[in-house]
1. Let me confirm something: among 28, 54, 71, which residue is open to solvent by less than 40 Å² (accessible area, probe 1.4 Å) and not aliphatic (A, V, I, L, M)?
2. Looking only at residues that are of a type in the set (A, V, I, L, M, F, W, C) and under 12 Å from residue 53 (Cα atoms) in the stretch 15-25, which one is surrounded by the fewest Cβ atoms within 10 Å (Cβ to Cβ)?
3. For the list (1) open to solvent by 50 Å² or more (accessible area, probe 1.4 Å); (2) of a type outside the set (Asp, Glu); (3) modelled with pLDDT of 95 or more, I need the number of the one condition that residue 78 fails.
Amino acid sequence: KAADQGHAKAELNLGVMYHFGKGVKQDYSKALKWYLKAADQGHAKAELNLGVMYHFGKGVKQDYSKALKWYLKAADQGH
């Protein structure tokens, strides 16, 4: 509910749950959706996790340039 109301931490947490199949069926596309919502609000951990998804091609086409973009955004915030 909090994620649906735009709370970045809740969005991140839902992304993690779907990414790793914690309490829900693993679903990389849903993880990507929630990470992007949190990252759009500048949530560094979501940005880092997006970098990981693109780096390793989890639910997305492997894309090192997109991975680098998200890693740099997270790094700019100290992650």
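The values are calculated or read from the model by the stated rules, or taken from the named source; none is laboratory data. Note that the structure is predicted; figures quoted are calculated from it, not measured. Glycine gets a Cβ as well: all are built from the backbone with ideal geometry, and neighbour counts include every protein chain shown. Just so you know, the surface numbers come from the protein's heavy atoms only, side chains and all, with ligands and any DNA or RNA stripped out. Shrake-Rupley method; radii C 1.70, N 1.55, O 1.52, S 1.80 Å.
1. Details: 28 fails: open to solvent by less than 40 Å² (accessible area, probe 1.4 Å); 71 fails: open to solvent by less than 40 Å² (accessible area, probe 1.4 Å).
One residue alone meets the criteria, 54.
2. Of all residues in the stretch 15-25, those of a type in the set (A, V, I, L, M, F, W, C) come to 16-17, 20, 24.
Going one step further and asking which of them are under 12 Å from residue 53 (Cα atoms), we end up with 16, 20.
On the way: 16: 17, 20: 11.
Here the answer is 20.
3. (3)
Okay, residues lined up against (1) assigned to a helix (DSSP H, G or I); (2) touching a residue at least 24 places away in the same chain (Cβ under 8 Å); (3) out of contact with any Leu (no Cβ under 7 Å at 6 or more places or on another chain):
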residue: 11; (1), (2), (3): yes, yes, yes
residue: 26; (1), (2), (3): no, no, yes
residue: 30; (1), (2), (3): yes, no, yes
residue: 37; (1), (2), (3): yes, yes, yes
residue: 46; (1), (2), (3): yes, yes, no
residue: 55; (1), (2), (3): yes, no, yes
residue: 61; (1), (2), (3): no, no, yes
residue: 69; (1), (2), (3): yes, no, yes
residue: 72; (1), (2), (3): yes, no, yes
